[in-house]
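In what follows, a structure is listed as structure tokens, so that the remarks can point back to it.
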Amino acid sequence: MILPTAQSIKQQRIELRLTQSGLAKRAGVSQPLIARIEAGDVDPRLSTLRKIFDAFDQSEKEKICVRNIMHTLVVFVSSDESVGHAVSIMQEHGYSQVPVIDNGVPVGSISEDTFVKSMAENKTAMISKMKVEDMMGESFPAVSPEADIGIVSTLLERYPAVLVLEKGVAIGFITKHDIIKLLHG
């Protein structure tokens with residue numbers, strides 16, 4: 001039997017995105033005790049180790065997988081469609097941005113911000129007739145359906161949406177709104 005080390009306990013806590021206080025609360029022990037265990041200043045009792053590892057198990061079960069909260073990708077535009085069509089699709093579904101996908105593969109994105117910036121430079125009638133490929137921005141970042149929601153949260157700090165790819169094909173997406181909805185749960 002291999003016993004955990006102070007470093008392995010700390011590493012597992014960090015991987016689970018738990019603070020010392022958070023782990024202490026889940027395990028029913030004090031935060032200073034967790035700090036002392038991780039520093040190697042104290043050898044914990046077996047009952048304390050059991051509480052810590054039960055807290056780790058509980059935290060593992062609570063991890064949220066992208067597959068469980070993503071929206072199935074049903075709204076997107078192709079690069080060869082008109083901007084006017086993209087605007088119609090976005091208005092119909094109430095989205096402020098959509099991915100640009102050709103043959104299942106993400107090639108870019110288009111958003112209300114793109115339209116607003118373009119309107120300052122061009123006439124509205126001209127913009128509607130332009131092709132999406134002439135106006136699209138970079139593609140949204142992509143993750144696997146099995147990715148942890150923590151990864152997506154970090155990406156959403158910089159991007160308005162994250163695509164979910166399976167075997168290179170877009171199957172879903174997640175927005176900031178989806179993450180915020182988790183707080184109600």
>> Would you confirm, using the coordinates I've provided, whether Ser144 is of a type in the set (Gly, Ala, Ser) and more than 18 Å from Gln97 (Cα to Cα)?
In response: yes
> What are the residues in the range 80-101 that are outside any helix (DSSP H, G or I) and more than 23 Å from the chain's Cα centre (by Cα), if any?
Replying inline: Asp80, Glu81, Ser82
> Which one is farthest from Thr175 (Cα to Cα) among residues in the range 71-96 that are open to solvent by less than 50 Å² (accessible area, probe 1.4 Å), among the hydroxyl-bearing types (Ser, Thr, Tyr) and modelled with pLDDT of 90 or more?
Replying inline: Ser82
> List the pairs whose first member sits in the range 10-28 and is closer than 15 Å to Leu49 by Cβ, whose second member is of a type in the set (Ser, Thr, Tyr) and not in a helix (DSSP H, G or I), and whose Cβ atoms are under 6 Å apart, counting only residues at least 6 apart or on separate chains?
Replying inline: Ala24/Ser30
>> Out of the helices (runs of 4 or more DSSP H) lying entirely within the range 114-185, which hold 3 or more residues that are open to solvent by 60 Å² or more (accessible area, probe 1.4 Å) and more than 18 Å from Ser82 (Cβ to Cβ)?
In response: 176-181
>> Suppose we filter the range 55-85 for residues that are under 15 Å from Pro4 (Cβ atoms) and touching a helix residue (DSSP H, G or I) at 6+ places or on another chain (Cβ under 7 Å); how many remain?
In response: 2
> Got a sec? Which helices (runs of 4 or more DSSP H) wholly within the range 1-70 have at least 1 residues that are under 30 Å from Thr175 (Cα atoms) and open to solvent by less than 40 Å² (accessible area, probe 1.4 Å)?
Replying inline: 6-15, 20-27, 46-62, 66-69
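The values are calculated or read from the model by the stated rules, or taken from the named source; none is laboratory data. Predicted, not measured: the structure shown is a model, and the values here were computed from it. Quick reminder, even Gly has a Cβ in these numbers, built from the backbone with ideal geometry, and neighbours come from all protein chains shown. For the accessible areas, the whole protein counts, side chains as well, though only heavy atoms, and no ligand, DNA or RNA atoms are used. Shrake-Rupley method; radii C 1.70, N 1.55, O 1.52, S 1.80 Å.
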